[in-house]
Amino acid sequence: MPGCADARPSADVPLRERSYEIFGDEKQLDRLLGTSLFGPGRLSSGPLLLVVENSDTFDTLAGLLSGEPGPVGWIAWGAGQAFEASVLSVAELPQVTELRYYGDLDATGLRIPAAASELAIGEGLPEVQLSASLYRILLAQGALQRTNGEGRIDQDRAAALAAWLLPELRREAARLLASGRRIPQEAAGFELLTRSRAWRGSL
């Protein structure tokens, strides 16, 4: 994905064409144009912004990171699909040079950051990368899988959705999606994240 900004300068792409390209709906960016990241909180002078899909997990991570933020300078609630447009508000945080995301392991949870990353790169902002350590913990909670409301996902589509993840995580995530299962990020909750401290230094 790096390099897309040079290939497609944002000034050359009309808003509704970009909206249709990303969302399949030419008016979606119109509706979300004023959207900002919800509750971005300053933790330190670090250059990393961590965006968390769901509100409860955002609260948990904000609390756990407040004392030992490591490289995380900011943490924000992505508010689900709203992040696909609110990613543009990262431009209001010029000190942020690295953008990490943590969400559900399901089709929507993987599509959101991939679409947001495409939009961010097109606007000259940092690409949206995954918080690898948090996703590793989440994938390890296989016993807490839940049925995906979408049912089984075609293997090719599952592989395409999982492509946003690191290579070492893609096969297991694609298998999860293809089986019609999901792991909500709440499966790695406060107690687990409090016990496991390794994720803090390698977001």
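The values are calculated or read from the model by the stated rules, or taken from the named source; none is laboratory data. What you see is a predicted model; the values in this text were computed from it and never measured. As a convention, Cβ positions derive from the backbone with ideal geometry for all residues, glycine included, and neighbour counts pool all protein chains shown. With ligands, DNA and RNA removed, areas are computed over all heavy atoms of the protein, side chains included. Shrake-Rupley method; radii C 1.70, N 1.55, O 1.52, S 1.80 Å.
Averaged per residue, the stretch 111-166 has 45 square angstrom of accessible surface, using a 1.4 angstrom probe with ligands and nucleic acids left out.
Remark on the stretch 110-172: hydrodynamic radius 13.2 angstrom, per the Kirkwood mean of 1/r across alpha carbon pairs.
So which trypsin sites (Lys or Arg not before Pro) in the stretch 129-203 are both in a DSSP loop and have at most 15 other Cβ atoms within 10 Å of their Cβ? Loop-located and lightly packed - R152, R197. With the simple model of a label 7 Å out from the Cα in the direction of the Cβ, E127 to R171 spans 2.3 nm. Modelled this way, with points 7 Å down the Cα-to-C-beta line, the labels at S196 and R146 are 1.8 nm from one another.
Between S66 and A91, what FRET efficiency comes out of the Förster formula 1/(1 + (r/R0)^6) with R0 = 25 Å and r the beta carbon distance, rounded to 0.05? The value I calculate is 0.50. Each of A174, A140, A115 was scored by the projection of its Cα onto the charge dipole of the stretch 114-203, and the greatest displacement toward the positive side belongs to A140; charges sit on the C-beta of Lys, Arg, Asp and Glu. Sorting 115-127, 87-99 by average packing, meaning the other beta carbons within 10 Å per residue, from highest down gives 115-127, 87-99.
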